[in-house]
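Asks: Just dropping this structure here.
Quick note: the coordinates plus some simple rules give every number you see, no bench work behind them. Everything numeric in this text was worked out from a predicted model, so none of it was measured. No Cβ is skipped: glycine too gets one built from the backbone with ideal geometry, and neighbour counts run over all protein chains shown.
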Amino acid sequence: MKKSAFLPFVAFVVVLSVSSCTQSSQPPVSDAKPVMDTVELIRHGEYLVNIMGCHDCHSPKRMGPNGPELVPELLLSGYPGDRPVQKTDLKAIPMGWAMLNEDLTSFVGPWGESFAANLTSDQTGIGTWTEDQFRKAFTQGWFKGIEGGRKLLPPMPWFNFANMKDEDLRAIYLYLKSTRPVNNIVPAPIPPENL
């Protein structure tokens, strides 16, 4: 009787030993996030552009019943190049003030006057830019992403994006490259001495 109780125990140990020596067919569990496909990246880029306030400066606005409203056909096209540049009252600048135009696409301060860039997929926007150029403009502040050129002017907060994740930068770039092109040549900045 003792022998019969011992055999099932031995069989159990053998089965346990053999099963622990074989490899599992289950893949190892990973903490890595799955990589987004292009469509998901573009949607994520649109989300980032919207929550980061890019439209605040880069999209022309018109007055509506509740104040300034985005002009849908001009989204992210920057300061309208066919709009005359307004004269500025320069007395406020030495007192520490900066000024904005009525739709927040033009800015005047000690740096002179700067104009919001065209970010659409048109060749007058970022249509011809490489992803590397976009990265250098967005995270290092180089105008058109050309290293060694001039820096982006206020109020573009490029320094806030210096440590942005590569996937987020790529998502924004892909979204902007997917936007409806708007042909709009934004004026060059005006230095303080020419205001």
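Asks: Explain nothing, just the number: relative contact order of region 36-186, from Cα pairs under 8 Å at least 6 residues apart, as a whole percent.
Replies: 30
Asks: OK, next. Sum up the lysine pairs in region 36-186 that clear both bars: alpha-carbon distance under 19 Å and a spacing of 8 or more or different chains.
Replies: 6
Asks: Taking the mean number of other Cβ atoms within 10 Å as a proxy for protection, how do you rank 115-127, 49-61, 86-98 from highest to lowest?
Replies: Listed from highest to lowest mean packing, they are 115-127, 49-61, 86-98.
Asks: Please work out the Cα center distance from region 130-195 to region 106-121, rounded to the nearest Å.
Replies: So the two Cα centres are separated by 11 Å.
Asks: So, one more: Could you give the length gained on full extension between LEU195 and PHE159, defined as 0.36 nm per residue of separation minus the Cα-Cα distance, in nm?
Replies: Result for the pair: 10.3 nm of gain on full extension.
Asks: Here's a follow-up. Taking the Cβ of GLN123 as the center, what net charge do the other residues with Cβ under 13 Å away carry, scoring Lys and Arg +1 and Asp and Glu -1?
Replies: Cβ neighbours under 13 Å give a net charge of +1.
Asks: Considering only the other residues whose Cβ falls under 13 Å of the Cβ of TYR175, what net charge follows from Lys and Arg at +1 and Asp and Glu at -1?
Replies: Here the count lands on -1.
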